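The values are calculated or read from the model by the stated rules, or taken from the named source; none is laboratory data. Predicted model only: the values in this text are computed from it and were never measured. When we count neighbours, we look across all protein chains shown, and the Cβ atoms used for this are built from the backbone with ideal geometry, even at glycine.
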Amino acid sequence: MTVSNDAGAATAIAVAALGVTKRFPGVVANDDVSFQVRVGEVHALLGENGAGKTTLSNVLTGLYRPDEGRLVVAGADAVFDSPRDAIDAGIGMVHQHFRLIPTFTVTENIVLGTDAPRRGPFLDLRAAEDRIAELAERFALPVDPRAAIWQLSVGEQQRVEILKVLYRNARVLIMDEPTAVLTPPEVDGLVATLRSMAADGRSVIFISHKLGEVTAVADRITVLRGGRSIGTVEAADSTRESLAALMVGREVERVQRRSTGVAASAPVVLRITGLGAIGDRGQTALHGVDLDVRAGEIVGVAGVAGNGQRELVEVVAGLRPRAGGHIEVDGEAVVRTDARHPIRLGVSYVPQDRMGTGLAPDLTIAENLVLKRYRRPPVAAPPFLRSSVIDAEADDLMERFDVRAPSSQTPTRQLSGGNVQKVLLAREMSSSPKVLVIASPTQGLDVGAVATVHQLLLDAVAEGVGVLLVSEDLDEVMSLSDRIAVMYEGRILATIDADDADVSVIGQLMGGHMEASA
């Protein structure tokens, strides 16, 4: 299959979905979706949560068979009965959540499940290492083939995932949220790699929520909405605003922190001094962390995942014991290591793991909204709960926080990601906190839900709440924060006023380059 470009030259199509429909009980996930990816291009796939991107990716990689429509690969109709068929046809996927075995080496992970070279009855790992090294050099993906996965940084692990696909001779690579856990320099390196692969005649399908990255890296962009393909546009002719409008069907105003000039005399509502903590594997995860948050201020914590951010928020929330140091909330010391004491002092906590830590999936929305208040009036009249009060308060909070569900009796597990986050925010922010600790508030959310969550945070600080914002999305941290603290290996390397923040300096600090603070 070929198409003609504006100059009249024929351009080969690497893969095409033509009228693809995929149904599940009660849901049409893909509805007559069509799009074409050219040979040698980076083609972005955009859409809100539930727009059908994941389902379409699963059809392209053989996990699902379409109910209607067809796939065309390299000019021929293709029918995939399994992911192996897609791989054999030259289509591979790099998932957002890496699928690597930590104790295996890079080479062992890459050759797993392949017809690896052999020397007699044994695997010839040396030959595999040589080929991996050649691919790594060719596409600027430096990694040690003999290193164990657990020894690698997040960015290096992603390179291994890409090399896995290239090792299998994929001509089409599907990248699912590939920059979610990378530092800015690593993002720049990934973009260069993707362009290198396109120049080599390979094709990349780039799935991302970050509109700025999409316009920077993609040649063309296909937008899905409600399971349908809305259209394909040239990246060079697109803006963040135009793409957001295509995704949600309306204009979306980008929420950005206005310059508030939080006074140095504003009261400190959260003071962390010399804080230490031990990680899940027994290692020291926090090394003498010092950090203050003032009333009406957002302090953003930037860093690559795994550098102590999770331990920091869990210690502040009372979910992890301290290994030294002090915490004060509005001048009162946190002396007990349990979740109830910070709550009583005015700390609210929105964890990254919304369904595992933040909410009980099988409980209703109403029940989740009172989880921290079910012992106290007016919700309780010990030893009984007042269901009429619980339901009335839940209805009010659902309206105030725009939680969209059939009723407050809907099980929380049935909600979309954006509505799950709004339930969490409704519970935590309705308690009139002094401090709101929030981790990865918009991870996995679509552009409309992101704008809603950001506005809720700004509303909170306008009421004098101090916010400790931990996010791996540097754009989010820089657009919302008054000050930015950069974490690396359990230490705060620098705290920078947002007005003075420079993305290149912060990116270097996130990579552990101390000299960047100069």
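Among Arg413, Arg404, which is part of a loop (DSSP other than H, G, I, E, B), out of contact with any His (no Cβ under 7 Å at 6 or more places or on another chain) and modelled with pLDDT under 90? Step through it out loud before you land on a result.
On the way: Arg413 fails: part of a loop (DSSP other than H, G, I, E, B).
None of the other options fit; the residue is Arg404.
All but one of (1) within 28 Å of Ala199 (Cα to Cα); (2) under 28 Å from the mean Cα position of the chain (by Cα); (3) among the charged types (D, E, K, R) hold for Glu137, so report the exception by its number.
Evaluating Glu137 over (1) within 28 Å of Ala199 (Cα to Cα); (2) under 28 Å from the mean Cα position of the chain (by Cα); (3) among the charged types (D, E, K, R) leaves (2) as the failure.
Given the condition surrounded by fewer than 18 Cβ atoms within 10 Å (Cβ to Cβ) and touching a helix residue (DSSP H, G or I) at 6+ places or on another chain (Cβ under 6 Å), answer yes or no: does some residue in region 445-461 qualify?
Yes; the residues of region 445-461 include at least one that is surrounded by fewer than 18 Cβ atoms within 10 Å (Cβ to Cβ) and touching a helix residue (DSSP H, G or I) at 6+ places or on another chain (Cβ under 6 Å).
Considering only residues that are among the acidic types (Asp, Glu) and touching a strand residue (DSSP E or B) at 6+ places or on another chain (Cβ under 8 Å), look in region 323-334 and name the one that is nearest to Glu311 (Cα to Cα).
Applying the filter and picking the extreme gives Glu328.
Test Arg146 against the criterion of being part of a helix (DSSP H, G or I), of a type in the set (Lys, Arg) and at pLDDT 85 or above, and give yes or no. Outline the logic, then answer.
On the way: part of a helix (DSSP H, G or I): no; of a type in the set (Lys, Arg): yes; at pLDDT 85 or above: yes.
Judged against the criteria, Arg146 is not a match.
Of the conditions (1) within 20 Å of Ala305 (Cβ to Cβ); (2) in contact with a Lys or Arg (Cβ under 6 Å, 6 or more places away or on another chain), Gln157 satisfies every one except a single condition; which number is it?
(2)
Go over the candidates Arg119, Arg146, Arg126, Arg84 one by one and state the one that is basic (Lys, Arg), closer than 27 Å to Arg23 by Cβ and in the same structural domain as Thr179 (by TED's automatic domain parsing). It would help to see each step written out before you state the result.
Details: Arg119 fails: closer than 27 Å to Arg23 by Cβ; Arg146 fails: closer than 27 Å to Arg23 by Cβ; Arg126 fails: closer than 27 Å to Arg23 by Cβ.
Testing whether each residue is basic (Lys, Arg), closer than 27 Å to Arg23 by Cβ and in the same structural domain as Thr179 (by TED's automatic domain parsing) leaves just Arg84.
Here are the criteria: (1) in contact with a strand residue (DSSP E or B) (Cβ under 7 Å, 6 or more places away or on another chain); (2) assigned to a loop (DSSP other than H, G, I, E, B); (3) polar (S, T, N, Q). Tell me which single one Thr337 does not satisfy.
(1)
Take region 468-518 and flag every residue that is in a loop (DSSP other than H, G, I, E, B), surrounded by 20 or more Cβ atoms within 10 Å (Cβ to Cβ) and modelled with pLDDT of 85 or more.
Passing the criteria: Ser471, Ser481, Asp482, Gly490.
Find all pairs meeting these conditions: Cβ atoms under 9 angstrom apart; at least six residues apart or on different chains; first residue within region 487-500 and of a type in the set (Lys, Arg); second residue part of a strand (DSSP E or B) and modelled with pLDDT of 90 or more.
Close Cβ pairs satisfying both conditions: Arg491/Leu286; Arg491/His287; Arg491/Gly288; Arg491/Val289.
Give just the number: which of (1) assigned by TED's automatic domain parsing to the domain that holds Tyr349; (2) touching a Phe, Trp or Tyr at 6+ places or on another chain (Cβ under 6 Å); (3) not hydroxyl-bearing (Ser, Thr, Tyr) does Ala426 not satisfy?
That leaves (1) as the condition not met.
Name the residues in region 340-389 that are acidic (Asp, Glu) and touching a strand residue (DSSP E or B) at 6+ places or on another chain (Cβ under 7 Å), would you? Can you show your working first?
Taking region 340-389 first, the residues acidic (Asp, Glu) are 353, 362, 367.
If the condition is that a residue be acidic (Asp, Glu) and touching a strand residue (DSSP E or B) at 6+ places or on another chain (Cβ under 7 Å), then Asp362 is the only one that fits.
Evaluate region 179-189: report whether one residue or more is over 18 Å from the mean Cα position of the chain (by Cα) and among the polar types (S, T, N, Q). Talk me through it step by step, then tell me what you get.
Residues of region 179-189 that are over 18 Å from the mean Cα position of the chain (by Cα), as a first pass: 189.
Checking the rest, the ones that are also among the polar types (S, T, N, Q) come to none.
There is no residue in region 179-189 that is over 18 Å from the mean Cα position of the chain (by Cα) and among the polar types (S, T, N, Q).
Looking at Val73 and the list (1) among the β-branched types (Val, Ile, Thr); (2) free of Cβ contacts under 8 Å to residues at least 24 places away in the same chain; (3) surrounded by 20 or more Cβ atoms within 10 Å (Cβ to Cβ), which single condition is not satisfied?
(2)
Which is in a loop (DSSP other than H, G, I, E, B), closer than 26 Å to Ala295 by Cβ and out of contact with any helix residue (DSSP H, G or I) (no Cβ under 8 Å at 6 or more places or on another chain), of Arg376, Arg344?
Result: Arg376 is the single residue among Arg376, Arg344 that is in a loop (DSSP other than H, G, I, E, B), closer than 26 Å to Ala295 by Cβ and out of contact with any helix residue (DSSP H, G or I) (no Cβ under 8 Å at 6 or more places or on another chain).
Which residue pairs have Cβ atoms under 6 Å apart, sit 6 or more places apart or on different chains, and have a first residue in region 438-463 that is more than 22 Å from Ala295 (Cα to Cα) and a second that is of a type in the set (Ser, Thr, Tyr)?
The qualifying pairs are Val450/Thr442.
How about region 76-112: which of its residues are crowded, with 21+ Cβ neighbours inside 10 Å and touching a residue at least 40 places away in the same chain (Cβ under 8 Å)?
Taking region 76-112 first, the residues crowded, with 21+ Cβ neighbours inside 10 Å are 80, 86, 89, 91-94, 106-107, 109-111.
Correct list: Ile91, Gly92, Met93, Val94, Val106, Asn109, Ile110, Val111.
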